[in-house]
Amino acid sequence: MPRPTRRRRSLPALVALLLSLLMALTACGGSSSSDSGTAAASSTAGTPDYPVTVTGTNGSVTLAAEPKSIVSMSATATEMLFAIGAGPQVKAVDGTSNYPAGTPVTKLSAFTPNTEAIVAYKPDLVVLSDDMNGIVASLTTLKVPTLQLRAATSLDDSYTQLRTLGDATGHADQAAAVVADMQKRIKAAVASVPASAKGKRVYHELDPTYYSVTSSTFLGGVYKLFGLENIADGAKNTANGYPQLSAEYVVGQAPDLIVLADTVCCQQSADAVAKRPAFASVPAVKEHRVLAMNDDIASRWGPRVADFVESVAKALRG
């Protein structure tokens, strides 16, 4: 699930951000590109012979030659591109693409994209997640190869997007290696947790107003790997996967693990949670199982998902 290093926002602004960046993170579990709209690679290994055709949310995209000037309008795509070795080909990224260090951050906005501003970088490939303001059609009209990779709905979708970017950029082997490493790390992390953790209750906090995620989301799927019970599943109005809970509800559900994804935006911490009214009685607080995560790691579906899974495993073991 991408989002920038967040500053405190009003509730409407926060909800808008969550919907624009995370709304597609639903229904974790086995999926195909036809179900989720995420990319399907034309090949999965080896260096492709151009022209090469890959498939994204916006359909098939053909690249006549290896792209040398990539513009990324998605923080997660940026992380993926650099992870698979395509970083030198990335000439500009949007303002939310704050990782890894040294990315060519610009004033380009993924929320209000400007066609002329993007085209000014003379891209031979534009990668984005959301089709805001009809930007995909605008770029396509100008014959700029544009690959939309909508927010992943499962780990398999994340792996598929990495392979697709590998095919598109000439780094298929590196992409396959990144996927294999993620899979190995995630499998090991899950296996490291004792069976007694199965059935423990988890609360994932998106912001201090108690927005959370259900098991139907990408993040919820991570918790399902460990056999955890997500307290948000029993809340009202869970249709979009991101219900707003209440302090009373969370305390009453007595979660064994609390994961904070609002440490950067809202300066939340284990100490801050412990000081909330009645939270001192919550098992996660009493047993020191409040996991404070970097907001971006806990919201993007790129290679650092493995970091997130390992952190959850450590908290469950501890």
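The values are calculated or read from the model by the stated rules, or taken from the named source; none is laboratory data. Remember, predicted model here, so these are calculated numbers, not experimental data. Here Cβ is always computed from backbone atoms with ideal geometry, including for glycine, and neighbour counts include all displayed protein chains.
Are any residues in region 211-255 of a type in the set (Phe, Trp, Tyr), under 21 Å from Ala315 (Cα atoms) and surrounded by fewer than 22 Cβ atoms within 10 Å (Cβ to Cβ), and if so, which ones? It would help to see each step written out before you state the result.
Quick first cut of region 211-255, residues of a type in the set (Phe, Trp, Tyr) only: 211, 218, 223, 226, 242, 249.
Now narrow it down to the ones that are under 21 Å from Ala315 (Cα atoms): 218, 223, 226.
Result: Phe226, single match.
Going through region 115-138 one residue at a time, which ones are touching a Leu at 6+ places or on another chain (Cβ under 9 Å) and assigned to a helix (DSSP H, G or I)? Before the answer, list the steps.
Step one: of region 115-138, the residues touching a Leu at 6+ places or on another chain (Cβ under 9 Å) are 115, 117-119, 121, 123-130, 135-136.
The answer is Thr115, Ala117, Ile118, Val119, Ile135, Val136.
Limited to region 132-173, what total is found for residues that are within 16 Å of Gly302 (Cα to Cα) and either more than 22 Å from the chain's Cα centre (by Cα) or among the polar types (S, T, N, Q) (or both)?
Number of matching residues: 7.
Let me confirm something: among Ser129, Ser97, which residue is under 14 Å from Gly302 (Cβ atoms), touching a Lys or Arg at 6+ places or on another chain (Cβ under 7 Å) and buried (at least 24 other Cβ atoms within 10 Å of the Cβ)?
None of the other options fit; the residue is Ser129.
So, Lys143, is that one modelled with pLDDT of 95 or more, outside the structural domain of Asp295 (by TED's automatic domain parsing), surrounded by fewer than 16 Cβ atoms within 10 Å (Cβ to Cβ) and of a type outside the set (Phe, Trp, Tyr) or not?
The answer is yes for Lys143.
Show the residue pairs that are 6+ apart or on different chains and have beta-carbon atoms under 7 Å apart, the first residue being within region 53-74 and closer than 23 Å to Pro100 by Cα, the second being in a loop (DSSP other than H, G, I, E, B) and among the basic types (Lys, Arg).
Once the first residue is closer than 23 Å to Pro100 by Cα and sits in region 53-74, its partners that are in a loop (DSSP other than H, G, I, E, B) and among the basic types (Lys, Arg) give Ser69/Lys122.
Could you please find all residues in region 55-94 being assigned to a helix (DSSP H, G or I), surrounded by fewer than 19 Cβ atoms within 10 Å (Cβ to Cβ) and among the aliphatic types (A, V, I, L, M)?
Selection gives nothing.
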